[in-house]
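Heads up: the structure comes next, in structure tokens.
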Amino acid sequence: MKIKSTLENYLFVLPAVTIFTIFYIIPFVWVFQLGLTDWDGILPTKHFVGITNFQEIFFQDPIWWQSMLNAGYITLIALTFQNALAFLLAWACDREIRMKNWFKVIFFIPPVLSEVVVGLVWQWILNGNYGLLNYWLVRLGFPNLVHNWLSDPNTALTTVAIIHSWKGFGWGFLIFLAGLQTIPRELYEAAHVDGANAWHSFRKITMPLMVPVIVLVAILTVLGTMQAFVLIIAMTGGGPAYHTQVPVLRILASMRGSSRFGYACAQGITFGVVLIIISFIQYRFSKRAKA
Amino acid sequence: MKTGAYYKTKNVLINAAVYIFLISVALTCIFPLFWMVTSSLKTQETIFKDMSLIPREFHFENYYLALKEGEFGRYFLNSIFYTVSVVVGIVIVSSLAAYAFSRFEFPGRNFIFYVFMAAMMIPIPGSFVALYVLLNKLHLRNTAIGYILCMINVGLSTSIFLLKTFFDKMPKELEDAARIDGCSKLGIWRHVALPLAKPVLAVVVVFNALNVWNEFILALIIFDSRHLMPLQVALQQNFQGEFITRYPLLMAGLTITAVPIIIVYLLMQKYIVKGVTQGAIVG
């Protein structure tokens, strides 16, 4: 009876465990195995090459490190511009204002759209020859600002980063707003009675209480932005030249472009380790911030 | 001495600034979609010249052409099929598991649960390479079922987590009563636990539906055959290829892709806000 009951319990988790083992754990292990081979993805033979792939990544693949820097640059803009915008909007909404719910609904529209849709629509607006943005710039009297936003190496990466921020700020906004709403109103009232102005209340009440939320949003932003690439496929395809390449695009290129599955896996591992190190540093940082 | 009037003017000014800020950001959120729809109603000739916000004539035939010639009708049905199958799969598989993790005792329970949770934390950016190899070996690549199983797996950890958290807080009395009445474990899960979990199931359904509908990379590497592709891949492939300069059709295709998700979002907005904030607080 006891054994039968235990078996019955296992049956409940069996479907989940089966799917998870086949589609998560096995690929996870394979990434590490394949990363040590020179497999091309087609031939049945693969040779164990040790850490050769990793040596190549570290010493002979400048484009990989360029793509890492590009992702870092986009992340930096997301951390500063996108999150500052999200915080300001949340702060503006955290009061008695009309249409508050409308703003909440609207600010989360970009996040629910797919990266392909967002990328292609913005690509059309930013089109160098026929785009609406350049048209308006001319009409409004700034013809010297007209650019081939996505095909000029000087502007492509920043443009992509800003569109990425446009797509993502709604997440930060909702989380910040939820955080702000947990701060008891009495604190502000007490501060007001004591003669504090809005700026003082913000510095001495809002900011300290929001530190954990800010750190959380920062961690989510970094992990999400470093791995973003679909938006870039839709907007620039990684070009012009390699100016908007990011690590996941390089992995995809190794796999599909040059049919180097082993190398692609090694790149994946390298990138995964970098991400884990970054989140660990942020985690430590957040612990210190809390203490 | 600052007078009341001073403070009043100051408040009005601050409020006005806040509104201008909020409204201008809100406009940038909506405008690209508006421009997408506008552009989808122009013709191949006018779209490059006519920059008016409302087109002079509405060319709805672009939608017909996109659906027929661009085969967006098929891609649309594919996307619907994948989304529904994956969401149903996730709801069944993850609620069974979450219920067991929450209510039953069995050896290895906590270990298995933590493995699922670890999968949420550990990023493996190259996993699609190995997944491609795996599906090839199983002869599931370029099949609908292969894609559906992969996507069920993608949503599993988070859904199990949300559901288990809910079951943990749910009172056990109703289930005890059902058990005394002779209901089986499966029966209690089906007739007592699932109906009570409706609020959290709504969150699970909405988030996974958005995720599957918008998914790109796995569909890109899994499907070779045109007739199996979902919307996202078809958009990217078609318009980098044969339709590259047919912007009105592209915009119609984008509208067809975006509208269902916006409708679902507006209808289920409450659950999305709940999901984001809950997920953030526990995360």
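Before moving on, here are some points about what is shown:
- Qualifying residue in the stretch B:139-159 (condition: in contact with a Gly (Cβ under 9 Å, 6 or more places away or on another chain), surrounded by fewer than 14 Cβ atoms within 10 Å (Cβ to Cβ) and either aromatic (Phe, Trp, Tyr) or not in a helix (DSSP H, G or I) (or both)): yes
- Some residue of the stretch A:145-152 being within 14 Å of another protein chain (Cβ to nearest Cβ), assigned to a helix (DSSP H, G or I), at negative phi and surrounded by fewer than 22 Cβ atoms within 10 Å (Cβ to Cβ): no
- Qualifying helices (runs of 4 or more DSSP H) (wholly inside the stretch A:2-63; at least 3 residues being within 20 Å of A:Leu252 (Cα to Cα)): A:26-34, A:52-60
- Test: residue in the stretch A:173-181 that is within 9 Å of another protein chain (Cβ to nearest Cβ), at negative phi and not hydrophobic (A, V, I, L, M, F, W, C): yes
- B:Leu22 being over 30 Å from B:Ala252 (Cβ atoms) and touching a Leu at 6+ places or on another chain (Cβ under 8 Å): yes
- Residue tally, condition surrounded by fewer than 13 Cβ atoms within 10 Å (Cβ to Cβ) and touching a residue at least 12 places away in the same chain (Cβ under 8 Å), over the stretch A:1-51: 4
- Residue in the stretch A:61-73 that is of a type outside the set (Gly, Ala, Ser), touching a residue at least 40 places away in the same chain (Cβ under 8 Å) and within 29 Å of B:Met268 (Cα to Cα) present: no
- Condition check for B:Val91: modelled with pLDDT of 95 or more, part of a helix (DSSP H, G or I) and surrounded by fewer than 23 Cβ atoms within 10 Å (Cβ to Cβ): yes
- Residues in the stretch A:1-49 that are more than 7 Å from chain B (Cβ to nearest Cβ) and among the hydroxyl-bearing types (Ser, Thr, Tyr): A:Ser5, A:Thr18, A:Thr21, A:Thr37, A:Thr45.
- Listing of helices (runs of 4 or more DSSP H) fully contained in the stretch A:93-134 that carry 3 or more residues being crowded, with 22+ Cβ neighbours inside 10 Å, among the hydrophobic types (A, V, I, L, M, F, W, C) and facing chain B (nearest Cβ under 7 Å): A:115-126
- Complete set of residues in the stretch B:173-186 that are basic (Lys, Arg) and within 32 Å of the chain's Cα centre (by Cα): B:Lys185
- Residue satisfying condition, being among the hydrophobic types (A, V, I, L, M, F, W, C), facing chain A (nearest Cβ under 10 Å), more than 25 Å from B:Ala197 (Cα to Cα) and surrounded by 14 or more Cβ atoms within 10 Å (Cβ to Cβ), within set B:Phe104, B:Phe116, B:Phe128: B:Phe128
- Lone qualifier among A:Leu79, A:Leu89 - being in contact with a Phe, Trp or Tyr (Cβ under 6 Å, 6 or more places away or on another chain) and either in contact (Cβ under 8 Å) with a residue 60 or more places away in the chain or aromatic (Phe, Trp, Tyr) (or both): A:Leu89
- Candidate set from the stretch B:198-229 (those that are under 10 Å from the mean Cα position of the chain (by Cα) and assigned to a loop (DSSP other than H, G, I, E, B)); member that is farthest from B:Tyr271 (Cα to Cα): B:Glu215
- Residue that is β-branched (Val, Ile, Thr), part of a helix (DSSP H, G or I) and in contact with a Ser or Thr (Cβ under 8 Å, 6 or more places away or on another chain), where the choices are B:Ile261, B:Ile272: B:Ile261
- Qualifying residue in the stretch B:191-204 (condition: over 16 Å from B:Phe104 (Cβ atoms), among the basic types (Lys, Arg) and at pLDDT 90 or above): yes
- Looking across the stretch B:170-181, just one residue is under 14 Å from B:Ala100 (Cα atoms) and assigned to a helix (DSSP H, G or I), and that is B:Glu175.
- Cβ separations smaller than 7 Å between residues 6+ apart or across chains give the following pairs from the stretch A:181-198 residues that are over 19 Å from A:Phe87 (Cβ atoms) to residues that are hydrophobic (A, V, I, L, M, F, W, C) and surrounded by 13 or more Cβ atoms within 10 Å (Cβ to Cβ): A:Ala191/A:Ile205.
- Residues of the stretch A:224-249 that turn out to be assigned to a loop (DSSP other than H, G, I, E, B) and more than 19 Å from A:Pro111 (Cβ to Cβ), as a count: 11
- Residue that is farthest from A:Val17 (Cα to Cα) [pool: residues in the stretch B:182-192 that are part of a helix (DSSP H, G or I) and hydrophobic (A, V, I, L, M, F, W, C)]: B:Val192
- Look at (1) surrounded by 18 or more Cβ atoms within 10 Å (Cβ to Cβ); (2) of a type in the set (A, V, I, L, M, F, W, C); (3) in contact (Cβ under 8 Å) with a residue 40 or more places away in the chain and you find that B:Val37 fails only one, number (1).
- Yes/no for A:Ala191 being touching a Lys or Arg at 6+ places or on another chain (Cβ under 8 Å) and either among the hydrophobic types (A, V, I, L, M, F, W, C) or at positive phi (or both): yes
- Among the residues making up the stretch A:264-291, those that are touching a residue at least 60 places away in the same chain (Cβ under 8 Å) and either more than 10 Å from chain B (Cβ to nearest Cβ) or of a type in the set (Lys, Arg) (or both) are A:Gln282, A:Tyr283, A:Phe285, A:Ser286, A:Ala289, A:Lys290.
- The stretch B:209-238 residues that are under 22 Å from B:Val91 (Cβ atoms), paired with ones that are of a type in the set (D, E, K, R) and surrounded by 21 or more Cβ atoms within 10 Å (Cβ to Cβ) (beta carbon under 8 Å, 6 or more apart): B:Asn214/A:Glu115; B:Pro230/B:Glu215
- Residue among B:Leu138, B:Leu156 that is among the hydrophobic types (A, V, I, L, M, F, W, C), over 21 Å from the mean Cα position of the chain (by Cα) and within 11 Å of chain A (Cβ to nearest Cβ): B:Leu138
- Count of the stretch B:38-79 residues which are in contact with a Leu (Cβ under 8 Å, 6 or more places away or on another chain) and either of a type in the set (A, V, I, L, M) or assigned to a helix (DSSP H, G or I) (or both): 12
The values are calculated or read from the model by the stated rules, or taken from the named source; none is laboratory data. None of the values given here were measured: they were computed from a predicted structure. Neighbour counts run over all protein chains shown; Cβ positions are idealised from the backbone, glycine included.
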